[in-house]
Amino acid sequence: MDTKVGPILMGIAYLAVVVFIMIFCAHQAKDFDEFAKYWGLFGTLVGVATGAIPSFFFKSQADKATDLADKQSTKAQVYASAADPDRVEAMRGAHPDLFK
């Protein structure tokens, strides 16, 4: 399964749950005050989930980006160690801001 399909399905499922809770609260309530009481019961849970779900996916994406950056840094170091020392010194002289 594609890695982009999972978050989309989770988002759709989450929206479906929120809509279900709203419809459930509306069917149980006789007026707006009663609806507000029901929604108050579920509102905190909806708020926590609304914050937790995106933070999970953002952290996952950040971890992937960090892993990729680490691999690229290691690859650059391996290439640099295989380079001719005279050429490395010439590059250091030409771009001193990159070798601080």
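Values in this text are rule-based calculations from the coordinates and carry no lab data. Please read all numbers here as calculations on a predicted model, not as lab measurements. Every residue, glycine among them, receives a Cβ derived from its backbone with ideal geometry; neighbour counts consider all protein chains shown.
What you get for the chain, charging only the Cβ of Lys and Arg (+1) and of Asp and Glu (-1), is a dipole of about 60 debye around the Cα centre. Note on the chain: GNM, Cα springs under 10 Å; of 31, 67, 86, the largest mean-square fluctuation is that of 86. Taking each residue as 0.36 nm, the span from residue 4 to residue 100 lengthens on full extension beyond its C-alpha to C-alpha distance by 30.7 nm.
In the chain, the longest principal axis of the Cα atoms and the axis of helix 5-28 are about 20 degrees apart. Tilt of helix 32-82 relative to the longest C-alpha principal axis of the chain, in degrees (0 to 90, nearest 10)? The angle comes out at about 10 degrees. A DSSP coil position with no more than 15 other Cβ atoms inside 10 Å describes the following trypsin sites (Lys or Arg not before Pro) in segment 2-70: 4, 30. Ranked from largest, the principal axis spans of the Cα set of the chain equal 83, 31, 15 Å. Label-to-label distance for residue 86 and residue 39 is 7.7 nm, based on points extended 7 Å past Cα in the beta-carbon direction. If you plug the beta carbon distance of residue 31 and residue 52 into 1/(1 + (r/R0)^6) with R0 = 30 Å, you get a FRET efficiency near 0.40. Computing Rg and the Kirkwood Rh from the Cα coordinates of segment 44-100 gives a ratio, Rg/Rh, of 1.38. Structure remark: mean-square fluctuation, Gaussian network model of the chain, C-alpha springs under 10 Å; the largest value among 82, 69, 26 belongs to 82.
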